[in-house]
Amino acid sequence: MFSSVKARPRLAVVVPVYGNEASLLELYERIISASEKANVELTIQFVNDRSPDNSQTVLEELAERDPRVRVILLSRNHGSFVAIAAGLTQIADHDAAIILSADLQDPPETIPQMVDRWREGKRVVLCVRAKRDDPPLTRLFSETFHWLFRRIALKEMPPGGFDFCLIDKAVIKVILESGEKKTSLVGLILWAGFDRAIIEYERAPRKHGKSMWGLGRKISYALHSIVAFSSFPMKLFGVIGLVLTCLSLVGMAYILLASFMGLITSPGWASIMLSQLVNITALFLGFGVIGGYLWINLEQTRKRPLFIIEKRVGPSGDAWSEDGRVPFFDMRGVSASVSRELKDAAFRVLKSPQTILGPAVTRFEREFASWAEARHCVGVANGTDAITLALWAAKVPPGAKVVIPALTAPPTAVAVLRAGCTPVFADVDANTLTLDPASLEHAASLGATAVVPVHLYGTPCAMAEIMEVCRRFDLTLVEDCAQSTGSRYNSTHCGLFGAASAFSFYPTKNLGCYGDGGAILTDDAALAEQLRMMRFYGQDATGACVMQGFNSRLDELQAALLSERLRVLDEHNETRRSIAALYDRELAFLNPVVGGQGRVPHLYVVRPIDRDGFRAHLKVHGVDTGVHYPLALTCHPYLAANSVGGPCRIAEEAASHVVSLPCHPGMSMRVAERVVAACMDWQRQVAG
């Protein structure tokens with residue numbers, strides 16, 4: 001059986017960049033190498049803090065080359081804390097983030113070790129230098145600051161501080177929700193108080209350029225950090241003020257007493273002025289400290305944004321379009337986890353001497369059959385061809401009546417007509433909108449020969465009841481699985497119940513390619529052999545046309561890409577289930593179509609009372625929706641004129657209400673929650 005890839009944690013490496021043009025390419029390569037060893041799904045989020053050099057060009061070239069790379073350019077130089085905070089806002093849907101400098105002094109090679117400690121349950125992993133080789137003055141300042149910070153601010157600070165770290169999504173949430181501006185990120189991470197681990201490392205000497213951290217900047221950072229997390233400076237100057245007041249009172253009493261006793265014959269102006277200077281100096285220092293606290297509070301209450309992003313390059317952090325909308329489907333996001341593999345697969349096909357029915361098609365057919373637990377897979381050009389060819393190969397004669405549900409995509413009926421057969425429309429179940437067995441029984445009594453049940457929206461049909469009707473009326477069963485790749489009925493894959501089953505690999509499907517593609521599954525070796533001839537003009541191995549057929553071959557390039565998408569299909573299907581579970585919990589008021597136990601949702605469909613008003617409301621809130629399908633098949637003029645059966649009341653009524661919400665593996669749960677919020681807002685307006 002084809003082995004799927006287990007879901008990997010999503011790790012982001014956030015890199016603030018300021019004047020690091022010469023380091024970026026090597027840094028990127030080392031991050032990629034280290035992350036592959038850590039077995040994570042990687043995003044590298046570069047934040048260009050308005051570098052004065054050519055860093056932006058280098059970063060944009062990396063983003064163009066590798067979809068795992070994202071770049072944001074800030075509108076001005078905001079400083080490292082703000083740059084990191086900006087980067088964290090872009091990766092809030094990830095499981096963890098590593099904050100790493102761009103100067104190559106902090107080794108990316110520690111990433112696997114950091115991830116291992118995180119997997120052990122440590123929400124914060126701090127990387128601390130084993131020793132400091134700084135100049136004496138710098139080392140003295142650093143040691144003094146960290147000693148002071150531990151005693152008067154946060155005792156959790158490691159003795160030598162830390163230079164880079166891994167933080168869990170829970171810590172990221174704390175940082176982003178704190179809303180603090182211009183504070184100490186180091187202090188905020190420690191203040192959050194999560195369980196942490198410490199890793200020692202050797203810091204490399206600087207390869208390029210010089211440090212932007214001059215002494216003045218370090219002093220400013222130290223003072224700001226202490227003021228942000230400790231009231232000690234205020235207390236200190238309060239004590240100094242009290243001591244000076246006491247000394248002043250004692251001095252005044254002494255002077256007055258000594259004067260009366262004649263012990264002082266000189267006014268002592270110099271002493272008085274000196275003492276006043278000391279008092280004034282202490283006073284101004286105290287004002288400075290108080291001013292620092294007031295300034296921090298002023299920063300927090302101002303409505304100015306912490307940062308302004310001028311430009312984004314690379315995939316967005318969520319399935320949102322460039323203007324901030326939630327698209328109904330995001331192919332770029334869906335493909336992100338296997339983007340490199342897709343490129344490699346396409347390149348292999350371009351180099352291959354065989355571009356029609358070559359090794360890529362053979363490989364995919366073998367892998368897809370194994371994944372679906374079927375004996376044979378035959379790749380064809382699209383899902384519509386798959387139905388037509390399956391009916392031919394299953395010996396459904398021209399002119400035969402074939403039952404299909406009245407609510408599905410028109411290609412199901414078109415494929416039946418092209419097979420030379422007559423569609424017979426049957427109604428659907430009111431809850432699942434899949435073929436109703438009772439309606440199938442009535443349609444079969446009209447002289448039907450075959451049935452094509454459609455596992456609509458990914459919901460399995462009632463196959464036990466349908467197969468009982470097929471047995472009693474001797475109906476040939478061909479399943480339409482265009483929307484149910486991965487769905488199961490009683491633990492059995494959809495597509496394994498009849499003579500054959502048809503799959504579509506249209507780009508938006510659960511397993512989608514990058515154009516058109518389809519396949520037929522069957523356990524019948526003779527039927528599979530017929531299908532292979534039918535897809536190739538009806539020719540046998542000698543080139544002679546021996547049966548009915550046409551040109552319907554799965555493209556070699558699409559097959560190669562499908563093999564790579566198949567590797568993450570189980571993972572992607574699980575994401576679809578998670579989003580659907582959220583919708584199920586929160587959106588019962590929208591009368592969603594019932595999915596059932598074995599469903600892998602291809603579409604998540606709801607039935608609001610006012611479809612047009614609902615869709616318009618979600619559009620205003622930046623959420624795109626779809627309608628699948630606006631007309632029952634009985635209401636299409638051409639199809640109705642060339643079929644029998646109907647009207648189908650439930651299908652026709654459902655078609656006037658159904659709305660499809662975004663539900664695909666290219667979106668995060670955060671985006672799904674945004675969809676839920678928009679739906680709830682509509683409900684409040686309707687109820688109000």
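The aspartates and glutamates within cross-link reach of Lys122, meaning a Cα-to-Cα straight distance under 13 Å and a gap of 8 or more places when in the same chain, are Asp95, Asp168, Asp195.
Find the relative contact order for the range 333-567 and round it to a whole percent, using C-alpha pairs within less than 8 Å whose residues are 6+ positions apart. Numbers along the way, then the final one.
On the way: 509 pairs, mean separation 61.8, N = 235.
Over the range 333-567, the number comes to 26 percent.
Contact order for the range 449-564, expressed relative to its length and based on alpha carbon pairs under 8 Å spaced 6+ residues apart, stands at 17 percent. For the cross-link pairs Lys401/Lys619; Lys343/Lys509; Lys343/Lys395; Lys131/Lys311, the ones whose C-alpha atoms lie over 31 Å apart are Lys401/Lys619; Lys343/Lys395; Lys131/Lys311. Would you tally the net charge around His442, using a Cβ to Cβ cut-off of less than 11 Å, leaving His442 out, and scoring K and R as +1, D and E as -1? That sum, taken over residues with Cβ under 11 Å, equals -3. Protection proxy ranking for 52-62, 612-622, using the average of other Cβ atoms within 10 Å per residue and placing the highest first: 52-62, 612-622. With Rh defined as the Kirkwood radius, the inverse of the mean 1/r over Cα pairs, the Rg/Rh of the range 10-127 is 0.94. Evaluating 6.51 cos²θ - 1.76 cosθ + 1.60 at θ = phi - 60° for every residue in the range 440-449, the Karplus couplings come out as 4, 4, 5, 5, 5, 5, 7, x, 6, 10 Hz, glycine and proline recorded as x.
Each peptide in 401-408, 92-99 gets a packing score, the mean of other Cβ atoms within 10 Å over its residues, and the list from highest to lowest is 401-408, 92-99.
The phi torsions of the range 540-554, fed into the Karplus equation with coefficients 6.51, -1.76 and 1.60 and a -60° offset, translate into couplings of 8, 5, 7, x, 7, 6, 10, 7, 5, x, 7, 8, 8, 10, 5 Hz, rounded to whole numbers, with Gly and Pro shown as x.
The overall shape of the range 556-688, judged from the alpha-carbon gyration tensor, is oblate: a/c is not under 1.5, and a/b is no greater than b/c. Count Lys and Arg as plus one, Asp and Glu as minus one, and take only other residues whose Cβ is under 14 Å from that of Glu109; the net charge is then -4.
Every number here is computed from the coordinates shown, using simple stated rules; none is lab data. Not measured: the values here are computed from a predicted model. Glycine also receives a Cβ, built like all others from the backbone with ideal geometry; neighbour counts cover every protein chain displayed.
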